[in-house]
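No value in this document is a laboratory result; all are computed from the given coordinates. All figures in this text were calculated on a predicted structure; none of them were measured in a lab. Neighbour counts run over all protein chains shown; Cβ positions are idealised from the backbone, glycine included.
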C-alpha cells in the first residue's frame, strides 16, 4: 500500500442508502427475500452461534485493526465510516495473497480485507475499497450476504453435484442478487473516493492483479475493453458463453463494474449527492414517487437516483 496525499472529503450526514442503491439490486433482493428457506436458515445460524464462531476464528488468526493496531489503515477506515455515516464495524486483516475483501455478520458486521489487497492498492484505493464494504453495511446487504454464503457452501460441500443441480434455481437467484448488490456498493465506494479515476484504478488492479504492470495500464483502454465486451452480444453463441461465465460469479466482471460506476459518476444523481441534496434516514417516512419511474425518492431530491430524470416535473 503506497501513501497518497489526503484531501478533505465531503461528508454525508444521515445519508440514506436509497440515495445510492442500484435499482437492479433492490429488484433482485426482493426475489431473494421471498425464498422460503431464508427465515429457517437465519434462525438456525443464530442458534448455532455461526457469527461467534467466525469471530473466534478471526481473533485467533487475523489482525484486528484498531487505533493502535495498523493505525494508518484504521484512519482510512474511520474516515470512510464518517463519510457514509455508518457505525464502525470490526475490521480484520487476513493473511491471503489473493486481493479480496468481504463483509459478514448477523448482529454486528465484520469487514475482512486480505493482505494481498493492501499490497496492491494505494491508500486512496484502499479507502475506496473500505467504502465499498461499508456500502454493503449501509444498504443492509450483510445479513443476506452471510445467509447466501452459508447456503451456497452447504450446497457444494454437503450435497455435491446433485445438490448443485437440485438447488439450481436457489443458487441462480442468490448469485444474481449478489452481483447486483455489488453495483450498489460500488456507488458507495465512489462516494468515499469522490474521484472516479480511483474507482476505475481499483477495477483495473483487480482485473490485472499486479502492481508491477500498473504503470503500463491505461484507464481509457480498460473502458474501451468494456465496450468491446458488450459488443460481443452480436452472436447468440457469445451471449451463451457470457452467461456461463457470469452465472456462478458473486461479483460482476471488472470491466462491467468500471463502466457502470463511470456512468453513475457522470449522472445527475451522483452530482446531487455531492452537492448535499440527498435523502436522509429521517426523511424516509415522507418519500414521494418519481413522476417518471415511480421510484420512492426524498422530497428534497431534484433528480431521481434510478432513472436520472428531473423529479421536479
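Observations
- Fewest neighbouring Cβ atoms within 10 Å first, the residues 248, 177, 211 line up as 248, 211, 177.
- Fully extending the segment from residue 96 to residue 227 would add 43.9 nm, taking 0.36 nm per residue of separation and subtracting the current Cα-Cα distance.
- Ranked for footprinting exposure by Cβ neighbours inside 10 Å, fewest first, 147, 247, 213 give 213, 247, 147.
- Footprinting exposure proxy ranking of 273, 35, fewest other C-beta atoms within 10 angstrom first, gives 35, 273.
- With the highest mean first, a sort of the peptides 222-228, 127-133 on other beta-carbon atoms found within 10 angstrom per residue produces 127-133, 222-228.
- Gap separating the Cα centres of segment 85-129 and segment 221-265, nearest whole Å: 25
- Size descriptors for segment 17-266 (Cα atoms only): Rg and Dmax, in that order, 18.3, 56 Å.
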